[in-house]
Amino acid sequence: MKNLNRKSSGIYEARIRIQSTDRITYRSLKTRNKEVALKRLNDLYLQMEREAEGLATPSKIKRAAQATIEKHLRAYISDLETTCSSSKHTQVCHDRIKLLIRECCWSKLSDIDSSSFMEWRAGQKKTPKTLNDYQSALNSFLVWLKENGLLEANPIERVKKVPVRGRHKFHHRAFTYADIAELLNVSGDRRFAYVTAIYTGLRRGELEALQWGDIHLEEETPYLVARASTTKNGKQAMIKLHHEVIESLRFIRPIEPKIDQLVFDVPTIEQFKKDLAEANIEYIDAQGGRADFHSLRHTFATWNALVGNSPQVTKSLMRHSDIKLTMNVYTDVSKLPTSAAIDLLPSIETPQIAPQKSGSEGHCVAQTGKEGKIIQFTKPADSKKFSRGLARTGTEREWCSGWDSNPHGL
């Protein structure tokens with residue numbers, strides 16, 4: 001269906017529907033001349049037919065290709081701010097895509113292709129996980145463009161991610177009590193941020209976003225609130241405060257703090273490294289364990305294990321959804337007293353081996369414990385002469401089965 005509609009202004013408008021099930025498309029023909037309007041109507045109808053059959057690139061995509069990527073990125077971020085609960089996630093996505101646009105020299109959508117992205121990736125020293133995070137951010141942007149009819153195909157859809165397993169050169173290690181004591185001694189006013197991170201498990205971004213309005217020190221049980229807009233899972237969390245944190249916060253709290261005033265000026269990575277060096281703590285140890293700011297969160301999990309808190313309790317304190325993450329990633333097993341744990345195992349009374357009786361050659365004699373269970377064996381001189389069978393004599397058993405093949409099987 002196609003026809004002309006003349007508006008009150010005298011400008012002709014096209015009314016087009018390719019399939020009977022389609023919605024009617026209204027398009028201004030921008031002319032008062034009927035002959036010109038008819039030609040434009042026919043051209044538009046032909047274009048829409050070709051687009052419907054996949055024989056032509058939709059005009060919407062053509063127009064989108066002429067706009068700058070920056071314009072599309074602003075629209076994407078605006079939509080993300082509406083649909084995503086985490087403002088930090090939105091900002092991280094924006095920053096990653098912006099960096100890719102700049103370093104890959106993209107200006108329009110047609111500039112984005114798999115080869116330029118992979119060439120950028122090959123020249124990076126970032127970890128595999130970080131590279132995959134950049135790819136995920138870009139991929140989400142391109143999928144949004146495609147879903148909104150602004151891009152015909154996702155150019156990096158078939159690009160495989162960098163394998164992560166076996167590629168890490170380091171793992172986060174937890175700090176010991178001695179490490180933390182030395183770190184706090186040399187860190188000056190920065191120690192208050194470190195103490196709070198150690199005893200709450202707050203992530204760096206959560207610590208940076210902490211405001212005095214989130215701190216409740218005058219309650220019977222002092223606590224802080226990690227707002228939903230600042231947490232990784234987008235959920236608000238109420239965190240009970242350790243007395244070390246309470247003392248630190250009371251020491252640095254202004255006389256009349258504003259509700260939206262930030263609590264900490266969280267040290268940069270460079271400053272944290274300097275503090276580690278001053279405390280004689282290796283940033284990366286001989287086993288490849290890295291001690292960065294996030295290691296303070298690993299320390300929180302490991303110390304919970306050290307004091308005997310159950311894995312389920314630690315998982316809750318860490319605000320994890322999967323206990324495997326708590327136990328296998330954040331708990332530093334090398335800091336746990338595994339050797340001392342062996343010494344704590346209960347002892348049993350060592351049973352005495354019954355002496356062999358005269359004439360028992362060719363048999364093995366076993367001392368039985370409670371309920372007649374065999375607990376010790378005496379191997380005969382010539383086990384190959386065993387004959388099958390079992391004889392019981394008082395509290396001893398003479399086992400006549402193959403010793404080497406089944407020393408404990410009755």
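FYI, it's all coordinate maths here, none of it is from the lab. These numbers were taken from a predicted model, which means no experiment stands behind them. When we count neighbours, we look across all protein chains shown, and the Cβ atoms used for this are built from the backbone with ideal geometry, even at glycine.
With r as the distance between the Cβ atoms of Arg63 and Arg15 and R0 = 25 Å, compute the FRET efficiency 1/(1 + (r/R0)^6) and round to 0.05. Before the final figure, lay out each step's value.
Working: r = 21 Å, r/R0 = 0.84.
Computed FRET efficiency for Arg15 and Arg63 comes out at 0.75.
Could you please rank Ser8, Ser187, Ser321, Ser140, placing first whichever residue has the fewest other Cβ atoms within 10 Å of its Cβ?
On the way: Ser8 5, Ser187 21, Ser321 9, Ser140 15.
Exposure proxy ranking, most exposed first: Ser8, Ser321, Ser140, Ser187.
What net charge is computed for the residues neighbouring Leu224, neighbours being all others with C-beta under 11 Å from the C-beta of Leu224, Lys and Arg scored +1, Asp and Glu -1? Working shown, then result.
Working: positive: Arg227, Lys240; negative: Glu206, Asp214, Glu219.
Taking every Cβ under 11 Å from that of Leu224, the sum is -1.
Label Lys235 and Ile252 with points 7 Å out from Cα along Cα→Cβ: what is the distance between them in nm?
Roughly 2.8 nm, to one decimal.
Going by amide H atoms built from the backbone, whose H comes under 5 Å of the H on His172, apart from near neighbours?
Arg290
Per residue of the stretch 195-201, what does 6.51 cos²θ - 1.76 cosθ + 1.60 with θ = phi - 60° give for ³J(HN,Hα)? Whole Hz please, x for Gly and Pro, Karplus curve as stated.
Result, ordered by residue: 4, 5, 5, 5, 9, 10, x Hz.
Taking the Cβ-Cβ separation of Glu270 and Ser8 as r and a Förster radius of 51 Å, what is the calculated FRET efficiency to the nearest 0.05? Can you show the working numbers first?
On the way: r = 67 Å, r/R0 = 1.31.
In this case the efficiency is close to 0.15.
Excluding residues on the same chain fewer than 8 positions from Lys335, give the aspartates and glutamates whose Cα lies under 15 Å from its Cα.
Hits, sequence-local ones excluded: Asp179, Asp285.
Applying the Karplus parametrisation 6.51 cos²θ - 1.76 cosθ + 1.60 with θ = phi - 60° to the phi angles of the stretch 212-224, what ³J(HN,Hα) value in whole Hz is obtained for each residue in order, glycine and proline being reported as x?
Karplus-based 3J(HN,Hα) across the stretch 212-224 equals 5, x, 8, 9, 10, 8, 8, 6, 4, 10, x, 8, 10 Hz.
Around Gln271, under 15 Å between beta carbons, what's the net of Lys plus Arg minus Asp minus Glu among the other residues? Mind showing how you got there, number by number?
Values: positive: Arg190, Arg191, Arg204, Lys273, Lys274; negative: Asp189, Glu208, Asp265, Glu270, Asp275, Glu278, Asp292.
Combined, the nearby Lys, Arg, Asp and Glu give -2.
Report, in listed order, any pair from Lys235/Lys273; Lys126/Lys160; Lys7/Lys108; Lys2/Lys34; Lys129/Lys240; Lys34/Lys146 with a Cα-Cα distance greater than 25 Å. Walk me through the numbers on the way to the answer.
Values: Lys235/Lys273 31 Å; Lys126/Lys160 17 Å; Lys7/Lys108 36 Å; Lys2/Lys34 14 Å; Lys129/Lys240 32 Å; Lys34/Lys146 36 Å.
As for pairs spanning more than 25 Å Cα to Cα, those are Lys235/Lys273; Lys7/Lys108; Lys129/Lys240; Lys34/Lys146.
Where does each of Phe300, Phe251, Phe272 land when they are ranked from fewest to most other beta-carbon atoms within 10 angstrom? Kindly include the intermediate steps, with their values, before the conclusion.
On the way: Phe300 20, Phe251 9, Phe272 23.
So the ranking, lowest neighbour count to highest, is Phe251, Phe300, Phe272.
In the stretch 184-261, which GluC sites (Glu not before Pro) fall in coil by DSSP and have 11 or fewer other Cβ atoms within 10 Å? List each step's numbers first, then the result.
Numbers: sites: Glu206, Glu208, Glu218, Glu219, Glu220, Glu244, Glu247; in loops: Glu218, Glu219, Glu220.
Here the sparse-neighbourhood loop sites are Glu218, Glu219, Glu220.
At a Förster distance of 60 Å, what's the computed FRET efficiency of Lys39 paired with Met118, Cβ-Cβ distance as r, to 0.05? Don't jump to the answer; show the numbers that get you there.
Numbers: r = 46 Å, r/R0 = 0.77.
For R0 = 60 Å, the calculated efficiency reads 0.85.
Considering only Gly201, Pro155, His172, whose Cα is most displaced toward the positive end of the charge dipole of the stretch 144-271, charges sitting on Cβ of Lys, Arg (+1) and Asp, Glu (-1)?
Pro155
Would you mind ranking Val195, Val313 so that the residue whose beta carbon has the fewest other beta carbons within 10 Å leads the list? Intermediate values should be presented prior to the final figure.
Values: Val195 21, Val313 12.
Least crowded to most crowded, the residues run Val313, Val195.
Amide H neighbours of Gln211 under 5 Å, counting only residues 5+ apart in sequence or on other chains, H built in-plane at 1.01 Å?
Hits under the 5 Å cutoff: Val263.
Return the long-range amide H neighbours of Leu29 (sequence gap of 5 or more, or a different chain), with a cut-off of under 5 Å between placed amide H atoms.
Residues meeting the criterion, in which the H sits 1.01 Å from N, are Tyr12, Glu13, Ala14.
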